[in-house]
Amino acid sequence: MKKYKFTIHGNEYDVNILNVEDNIIELDVNGSTYSVEVDRSIQPVKTPKLVRARAVPSTDTTPSEGTGPRVSKGVGTIKAPLPGSVLNIHCKVGDKISMGQKLITLEAMKMENNIDSDKEGTVTAILVNPGQSVMEGDVMIEIG
């Protein structure tokens, strides 16, 4: 169940809680099993733990250094910020792009969303086609 490490008067103890019933706890302390009676009944926690999936950023970026405005240059990708269908691609391989330039129009939830560049560079690959469905986090364009 749960594992703990205790230090009592300089001695270390590895404690594993094996079983809990009412006010009796079965423990494994450094390989020896003990039944311990506590002064009150212990109720298990009924609230489930919420585990969330790791959020996928809309583009992959590197952390900025310093406090001034950031200008991204170099290699990177443009990822789909949400699931949808590609309506239009507004660039082609070899195009030089600048910050804020519209690259793709994505239809999601019956709305058109413009996907703009957050980098400067040259389009090295376009990995989607008009009409193609994309999921959140899918790489759509590579910039080099």
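The values are calculated or read from the model by the stated rules, or taken from the named source; none is laboratory data. Given the structure is predicted, the values throughout are model-derived calculations rather than measurements. Reconstructed Cβ throughout: ideal geometry from the backbone, glycine too, with neighbour counts over all protein chains shown.
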Exercise. Could you list all residues from the stretch 116-144 that are of a type in the set (A, V, I, L, M), surrounded by 12 or more Cβ atoms within 10 Å (Cβ to Cβ) and closer than 10 Å to G84 by Cβ?
Key: V134
Exercise. Being of a type outside the set (S, T, N, Q) and either in a strand (DSSP E or B) or touching a Lys or Arg at 6+ places or on another chain (Cβ under 8 Å) (or both) is the filter here, so list the residues in the stretch 13-28 that pass it.
Key: Y13, D14, V15, I17, L18, V20, E21, I24, I25, E26, L27, D28
Quiz item: Restricted to the stretch 24-59, and to residues that are over 30 Å from M135 (Cβ atoms) and of a type in the set (A, V, I, L, M, F, W, C), which residue is modelled with the lowest pLDDT?
Solution: V45
Quiz item: When only residues in the stretch 90-144 that are hydrophobic (A, V, I, L, M, F, W, C) and within 22 Å of the chain's Cα centre (by Cα) count, which is modelled with the lowest pLDDT?
Solution: A108
Quiz item: Among the residues of the stretch 87-101, which ones are under 14 Å from I143 (Cα atoms) and in a strand (DSSP E or B)?
Solution: K96, I97
Quiz item: Do any residues in the stretch 86-101 that are within 19 Å of G131 (Cβ to Cβ) have Cβ atoms under 7 Å from those of residues that are of a type in the set (F, W, Y), where the two are at least six apart or on different chains, and which pairs are they?
Solution: none
